[in-house]
Amino acid sequence: MQLKAEQLELYRRDGYLVIEDFVSGEVCDQLRQRAAQLVKDFDPAEAISIFSTHEQSRLADDYFLESGDKIRFFFEEGAFLPDGTLRQDKEKSINKIGHALHDLDPMFDDFSRTADLKALADSLSVTNPLLLQSMYIFKQPNIGGEVTCHQDCTFIYTEPMSMAGLWFALEDATIENGCLWAIPGGHELGLKSRWIRAREGGMRFEVFSDVPWPEEKLVPLEVKKGTLIILHGLLPHKSLENKSPKSRHAYTLHVISGDSNYPADNWLQRSEALPLRGF
């Protein structure tokens with residue numbers, strides 16, 4: 001769908017845009033069922049990787065670093081007991097699936113490549129759009145971890161900056177179950193850091209500014225199932241822990257311009273066997 005002039009004005013002003021009823025409830029349920037099947041088929045013995053935004057200087061394991069062109073599974077920080085065993089079933093312990101669902105799973109491929117989404121990218125002036133990464137986020141009940149305030153361009157950097165995030169609510173997202181929070185207009189504050197591949201291995205932050213985010217300006221983005229939130233790549237946003245008994249499933253896509261430069265030191269890289277594709 002092409003965005004209207006007033007929608008583009010809101011997006012440019014706030015750095016995000018909420019579009020209700022973008023996805024039908026039936027399609028949301030189909031994606032949730034497919035994600036459940038993927039988790040059911042996943043054997044945790046293959047690898048155990050914990051997703052965290054708190055240990056921001058940690059050296060990432062190869063399982064994570066090599067996930068740009070694969071479907072891989074990452075656990076919540078609170079999923080394990082001290083002896084290394086899961087506190088509860090794996091189905092209630094997975095934080096997210098990433099990062100190439102849109103290329104490697106037929107259902108997510110079909111969902112991610114539609115005329116409506118191509119028109120959205122065109123409206124946002126993302127020229128020659130390419131789908132870089134996708135994530136299925138579970139925000140598990142009772143243990144769904146906090147995602148600290150960040151900019152997506154920190155992790156998905158292009159020159160010039162061209163990235164847009166598409167965040168699909170597959171369940172109602174509320175303050176209680178860990179909805180997104182954003183700083184309206186915060187995309188005008190500039191890029192604070194980049195997360196890059198370190199020459200010595202792993203990853204590290206390249207910091208441009210250590211001025212704290214004005215988190216007192218954060219506003220909650222409570223949305224209904226089926227809503228799409230478009231996020232500017234420089235928009236500071238976060239989500240709190242989910243301490244409620246209800247999950248908050250979401251699917252995200254990150255789109256970049258094929259006309260921009262994607263640096264070789266970006267953490268997420270893909271093999272030549274699976275080149276980036278558009279819509």
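Some points to look at:
- Here Thr127 fulfils each of the conditions (1) of a type outside the set (Asp, Glu); (2) under 19 Å from Phe74 (Cβ atoms); (3) part of a loop (DSSP other than H, G, I, E, B) apart from (2).
- Residue within region 186-203 that is in contact with a Pro (Cβ under 9 Å, 6 or more places away or on another chain), β-branched (Val, Ile, Thr) and within 29 Å of Tyr63 (Cβ to Cβ) present: yes
- Filter result (in a loop (DSSP other than H, G, I, E, B) and crowded, with 17+ Cβ neighbours inside 10 Å) within region 16-32: Phe22, Val23
Yes or no, residue by residue, for (1) on the phi < 0 side of the Ramachandran plot; (2) assigned to a loop (DSSP other than H, G, I, E, B); (3) in contact (Cβ under 8 Å) with a residue 40 or more places away in the chain:
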| residue | (1), (2), (3) |
| --- | --- |
| Ser162 | yes, yes, yes |
| Leu166 | yes, no, yes |
| Glu171 | yes, yes, yes |
| Leu191 | yes, yes, yes |
| Trp195 | yes, no, yes |
| Glu206 | yes, no, no |
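- Against the list (1) modelled with pLDDT under 95; (2) of a type in the set (Asp, Glu); (3) more than 28 Å from Ile196 (Cβ to Cβ); (4) surrounded by 15 or more Cβ atoms within 10 Å (Cβ to Cβ), the condition Asp83 fails is (4).
- Every test in (1) at pLDDT 95 or above; (2) farther than 26 Å from Pro184 by Cα; (3) surrounded by fewer than 20 Cβ atoms within 10 Å (Cβ to Cβ) is passed by Tyr262 save one, and that test is (3).
- Residue satisfying condition, being within 18 Å of Glu159 (Cα to Cα) and either surrounded by fewer than 18 Cβ atoms within 10 Å (Cβ to Cβ) or out of contact with any His (no Cβ under 8 Å at 6 or more places or on another chain) (or both), within set Arg199, Arg194: Arg194
- Residue identified as touching a helix residue (DSSP H, G or I) at 6+ places or on another chain (Cβ under 7 Å), of a type in the set (D, E, K, R) and under 29 Å from Leu191 (Cβ atoms) among Arg87, Arg72: Arg72
- Scanning region 212-220 finds one or more residues that are among the acidic types (Asp, Glu), in contact with a Cys (Cβ under 7 Å, 6 or more places away or on another chain) and not in a loop (DSSP other than H, G, I, E, B).
The values are calculated or read from the model by the stated rules, or taken from the named source; none is laboratory data. No experiment lies behind these values; they were computed from the predicted model shown. Note that we place each Cβ from the backbone using ideal geometry, even for glycine, and neighbour counts take in every protein chain shown.
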